[in-house]
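To start, the structure itself, in C-alpha coordinates.
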Amino acid sequence: MGFSALVLQGGAAVTQGIGSYYAAQGQRTALRSQARIAEVNARMAEGQARDVMMQGEAQQQAIRQRAAEIRSGQRTALASNMIDLGSETAVALQTSTDYLAARDVQTAEANALRQAWGYRMEATGQRGQAAMARATARGINPFLAGAT
(Lines give C-alpha, C1' and ligand atoms only; values in the text may rest on other atoms or scores of the structure.)
Protein backbone atom coordinates (compact mmCIF):
# COMPACT_ATOMS: atom_id res chain seq x y z
CA MET A 1 0.00 0.00 0.00
CA GLY A 2 2.79 2.46 0.88
CA PHE A 3 4.75 1.72 -2.30
CA SER A 4 1.77 2.27 -4.59
CA ALA A 5 1.04 5.61 -2.87
CA LEU A 6 4.65 6.61 -3.38
CA VAL A 7 4.48 5.64 -7.08
CA LEU A 8 1.29 7.67 -7.49
CA GLN A 9 2.88 10.67 -5.79
CA GLY A 10 5.94 10.32 -8.02
CA GLY A 11 3.74 10.11 -11.10
CA ALA A 12 1.80 13.18 -9.99
CA ALA A 13 5.04 15.08 -9.43
CA VAL A 14 6.31 14.18 -12.90
CA THR A 15 2.99 15.17 -14.44
CA GLN A 16 3.03 18.43 -12.52
CA GLY A 17 6.62 19.10 -13.62
CA ILE A 18 5.72 18.50 -17.26
CA GLY A 19 2.71 20.79 -16.87
CA SER A 20 4.89 23.48 -15.28
CA TYR A 21 7.40 23.19 -18.12
CA TYR A 22 4.77 23.65 -20.81
CA ALA A 23 3.04 26.44 -18.89
CA ALA A 24 6.34 28.33 -18.62
CA GLN A 25 7.08 27.66 -22.28
CA GLY A 26 3.64 28.98 -23.24
CA GLN A 27 4.06 32.06 -21.07
CA ARG A 28 7.44 32.81 -22.63
CA THR A 29 6.02 32.39 -26.14
CA ALA A 30 3.07 34.69 -25.30
CA LEU A 31 5.40 37.37 -23.94
CA ARG A 32 7.56 37.23 -27.06
CA SER A 33 4.42 37.60 -29.18
CA GLN A 34 3.32 40.58 -27.10
CA ALA A 35 6.72 42.16 -27.67
CA ARG A 36 6.43 41.70 -31.45
CA ILE A 37 2.93 43.19 -31.45
CA ALA A 38 4.11 46.16 -29.37
CA GLU A 39 6.94 46.79 -31.85
CA VAL A 40 4.47 46.73 -34.75
CA ASN A 41 2.24 49.17 -32.86
CA ALA A 42 5.25 51.42 -32.23
CA ARG A 43 6.09 51.46 -35.95
CA MET A 44 2.47 52.28 -36.77
CA ALA A 45 2.46 55.17 -34.29
CA GLU A 46 5.68 56.53 -35.81
CA GLY A 47 4.08 56.32 -39.25
CA GLN A 48 1.06 58.21 -37.97
CA ALA A 49 3.36 60.89 -36.56
CA ARG A 50 5.03 61.28 -39.97
CA ASP A 51 1.62 61.44 -41.69
CA VAL A 52 0.42 64.12 -39.29
CA MET A 53 3.52 66.21 -39.97
CA MET A 54 3.06 65.87 -43.75
CA GLN A 55 -0.61 66.83 -43.43
CA GLY A 56 0.40 69.81 -41.29
CA GLU A 57 2.88 70.94 -43.93
CA ALA A 58 0.23 70.61 -46.64
CA GLN A 59 -2.22 72.59 -44.52
CA GLN A 60 0.37 75.33 -43.96
CA GLN A 61 1.05 75.51 -47.69
CA ALA A 62 -2.69 75.76 -48.40
CA ILE A 63 -3.00 78.62 -45.89
CA ARG A 64 -0.10 80.46 -47.53
CA GLN A 65 -1.65 79.93 -50.96
CA ARG A 66 -5.04 81.24 -49.83
CA ALA A 67 -3.39 84.25 -48.21
CA ALA A 68 -1.54 85.04 -51.44
CA GLU A 69 -4.80 84.81 -53.37
CA ILE A 70 -6.56 87.09 -50.86
CA ARG A 71 -3.71 89.57 -50.93
CA SER A 72 -3.74 89.57 -54.73
CA GLY A 73 -7.50 90.14 -54.74
CA GLN A 74 -7.10 92.99 -52.27
CA ARG A 75 -4.43 94.66 -54.41
CA THR A 76 -6.62 94.30 -57.48
CA ALA A 77 -9.65 95.74 -55.68
CA LEU A 78 -7.61 98.62 -54.26
CA ALA A 79 -6.09 99.46 -57.63
CA SER A 80 -9.44 99.25 -59.42
CA ASN A 81 -10.85 101.73 -56.89
CA MET A 82 -7.96 104.06 -57.59
CA ILE A 83 -6.44 103.63 -54.12
CA ASP A 84 -2.67 103.99 -54.00
CA LEU A 85 -1.17 100.60 -53.01
CA GLY A 86 1.39 102.47 -50.92
CA SER A 87 -1.23 104.37 -48.95
CA GLU A 88 -1.67 103.81 -45.24
CA THR A 89 -5.02 102.06 -45.71
CA ALA A 90 -3.73 99.70 -48.40
CA VAL A 91 -0.61 98.84 -46.41
CA ALA A 92 -2.64 98.26 -43.23
CA LEU A 93 -5.06 95.96 -45.07
CA GLN A 94 -2.31 93.88 -46.62
CA THR A 95 -0.30 93.78 -43.39
CA SER A 96 -3.38 92.55 -41.55
CA THR A 97 -3.85 89.80 -44.14
CA ASP A 98 -0.19 88.78 -43.81
CA TYR A 99 -0.44 88.73 -40.01
CA LEU A 100 -3.57 86.56 -39.99
CA ALA A 101 -2.03 84.15 -42.50
CA ALA A 102 1.16 83.86 -40.45
CA ARG A 103 -0.87 83.22 -37.30
CA ASP A 104 -2.90 80.51 -39.06
CA VAL A 105 0.30 78.89 -40.38
CA GLN A 106 1.79 78.85 -36.87
CA THR A 107 -1.40 77.36 -35.45
CA ALA A 108 -1.42 74.60 -38.09
CA GLU A 109 2.25 73.87 -37.37
CA ALA A 110 1.71 73.77 -33.61
CA ASN A 111 -1.29 71.47 -33.98
CA ALA A 112 0.66 69.07 -36.20
CA LEU A 113 3.63 69.08 -33.82
CA ARG A 114 1.39 68.45 -30.83
CA GLN A 115 -0.44 65.58 -32.51
CA ALA A 116 2.81 64.05 -33.82
CA TRP A 117 4.32 64.29 -30.33
CA GLY A 118 1.36 62.30 -28.99
CA TYR A 119 1.94 59.56 -31.55
CA ARG A 120 5.66 59.53 -30.78
CA MET A 121 4.94 59.18 -27.06
CA GLU A 122 2.64 56.29 -27.89
CA ALA A 123 5.45 54.69 -29.91
CA THR A 124 7.85 55.14 -27.00
CA GLY A 125 5.38 53.49 -24.64
CA GLN A 126 4.92 50.58 -27.04
CA ARG A 127 8.69 50.09 -27.30
CA GLY A 128 8.89 50.11 -23.51
CA GLN A 129 6.20 47.43 -23.33
CA ALA A 130 8.08 45.37 -25.89
CA ALA A 131 11.32 45.64 -23.92
CA MET A 132 9.55 44.70 -20.70
CA ALA A 133 7.87 41.68 -22.31
CA ARG A 134 11.19 40.50 -23.76
CA ALA A 135 12.96 40.92 -20.43
CA THR A 136 10.23 38.99 -18.65
CA ALA A 137 10.36 36.26 -21.32
CA ARG A 138 14.14 35.97 -20.87
CA GLY A 139 13.60 35.49 -17.15
CA ILE A 140 11.37 32.46 -17.68
CA ASN A 141 13.18 29.13 -17.73
CA PRO A 142 10.82 26.25 -18.62
CA PHE A 143 13.35 23.63 -17.51
CA LEU A 144 13.69 25.24 -14.10
CA ALA A 145 9.91 25.56 -13.79
CA GLY A 146 9.48 21.90 -14.70
CA ALA A 147 12.18 20.79 -12.27
CA THR A 148 10.74 22.84 -9.44
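Some values worked out for this structure:
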| quantity | calculated |
| --- | --- |
| Answer residue from region 43-58, given it is of a type in the set (A, V, I, L, M) and surrounded by fewer than 18 Cβ atoms within 10 Å (Cβ to Cβ) and is nearest to R134 (Cα to Cα) among those | M44 |
| Residues that are hydrophobic (A, V, I, L, M, F, W, C) and surrounded by 12 or more Cβ atoms within 10 Å (Cβ to Cβ), drawn from region 17-37 | A23, A24, A30, L31, A35, I37 |
| Answer from V14, V40, V7 - the residue that is loosely packed, with under 13 Cβ neighbours inside 10 Å, at pLDDT below 95 and within 29 Å of A137 (Cα to Cα) | V14 |
| Hey, Q61 surrounded by 14 or more Cβ atoms within 10 Å (Cβ to Cβ) and either polar (S, T, N, Q) or farther than 30 Å from S20 by Cα (or both) or not | no |
| Any hit, region 118-125, residues being in a helix (DSSP H, G or I), of a type outside the set (S, T, Y) and touching a Lys or Arg at 6+ places or on another chain (Cβ under 7 Å) | no |
| A102 vs. criteria crowded, with 16+ Cβ neighbours inside 10 Å and either at pLDDT 95 or above or more than 18 Å from the chain's Cα centre (by Cα) (or both) | no |
| Some residue of region 45-54 being within 30 Å of G139 (Cβ to Cβ) and aliphatic (A, V, I, L, M) | yes |
| Selected residue [closer than 30 Å to Q27 by Cα, in a helix (DSSP H, G or I) and either open to solvent by 90 Å² or more (accessible area, probe 1.4 Å) or in contact (Cβ under 8 Å) with a residue 40 or more places away in the chain (or both)] from A112, A130 | A130 |
| Cβ-Cβ under 8 Å pairs, at least 6 apart or on other chains, region 26-37 side under 10 Å from A137 (Cα atoms) and among the small types (G, A, S), far side open to solvent by less than 100 Å² (accessible area, probe 1.4 Å) and modelled with pLDDT under 90 | A35/A137 |
| Checklist (1) of a type in the set (A, V, I, L, M); (2) exposed (fewer than 13 other Cβ atoms within 10 Å of the Cβ); (3) part of a helix (DSSP H, G or I) applied to M82, failing item | (3) |
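The values are calculated or read from the model by the stated rules, or taken from the named source; none is laboratory data. All values reported here derive from a predicted model rather than from experimental measurement. As a convention, Cβ positions derive from the backbone with ideal geometry for all residues, glycine included, and neighbour counts pool all protein chains shown. Heavy atoms of the whole protein, side chains included, go into the accessibility calculation; ligands, DNA and RNA do not. Shrake-Rupley method; radii C 1.70, N 1.55, O 1.52, S 1.80 Å.
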